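Heads up, the thing below is written out as C-alpha cells.
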Amino acid sequence: MAVTIRGLHMGDLLDMDIERAGQQFARDRRMMPRLEAAKLCGLGSRLLGEPIARLERGEWVRLLLACELSRGKERDLVLLDRPAGGEHPQDVDALVAGLGRLAEKGSTVLVVENHPALLEVAGYVIEIGCREGNEGRKIEVKKGRE
C-alpha cells in the first residue's frame, strides 16, 4: 500500500524542494504559510526531506525564523546572537527580510550583531563599551530607521 498526498508518493514529496512544494500546494491553507515563510527566509532550494543535521548554522537560524513566522503569533520577543556571522550577502538579505516580517507582525526583535545590513534596518542601535578607556563604559542608544 502506497501513501500519497495530493497524488504524490511520500518519497517524491520528500525529494521536492520548498520552492516546488509551494507551487504544488498553492491552495493548501495549512502548508502555504510555512512554505512561504521558508522561501522568504532563503530556504526555497532546500529539500523537504533534508535532514536537519545537514543544515549550516545560518540555514538553521533561518529555519527557526521561518518556523516563528509561520506560527502566526504576535507580540513575541525574539532574541538572536550574531545570526549574520559569516553568511553570504544573499543569506543576510533573506535574514533581514524574515526579521522585518516578524517586526511587522508585532514581534520585538533583539539582535546582537555588527553586520552593516542589520544595523541599517534596526529601529534602535545600542552600542555598549565601544570606545577605549573611560569612554568604553558608556552605553549609546541611537535611533535607527523609522
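Each reported figure results from applying straightforward, stated rules to the coordinates on display, with no laboratory input. The model shown is predicted, which means the values in this text are computed figures rather than measured ones. Neighbour counts run over all protein chains shown; Cβ positions are idealised from the backbone, glycine included.
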Tell me, what is the FRET efficiency for Y124 and R20 to the nearest 0.05, using R0 = 35 angstrom and their Cβ-Cβ distance as r? 0.35
Here the chain gives, from Cα atoms, an Rg and Dmax in Å of 18.7, 73
With a ≥ b ≥ c from the Cα gyration tensor eigenvalues, square-rooted, and the rule rounded for a/c under 1.5, otherwise prolate when a/b > b/c and oblate otherwise, region 46-89 is oblate
How charged is the neighbourhood of L79? Take every other residue with its Cβ under 13 Å from the Cβ of L79, and add Lys/Arg as +1 and Asp/Glu as -1. -3
In the chain, which longest range has no trypsin sites (Lys or Arg not before Pro) that are both DSSP loop (not H, G, I, E or B) and surrounded by at most 13 other Cβ atoms within 10 Å? 76-130
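List the GluC sites (Glu not before Pro) within region 37-93 that DSSP assigns to loop and that have no more than 13 neighbouring Cβ atoms inside 10 Å. Please list the in-between numbers first.
Values: sites: E56, E59, E68, E74, E87; in loops: E56, E74, E87.
Sites meeting the loop and neighbour criteria: E56, E74.
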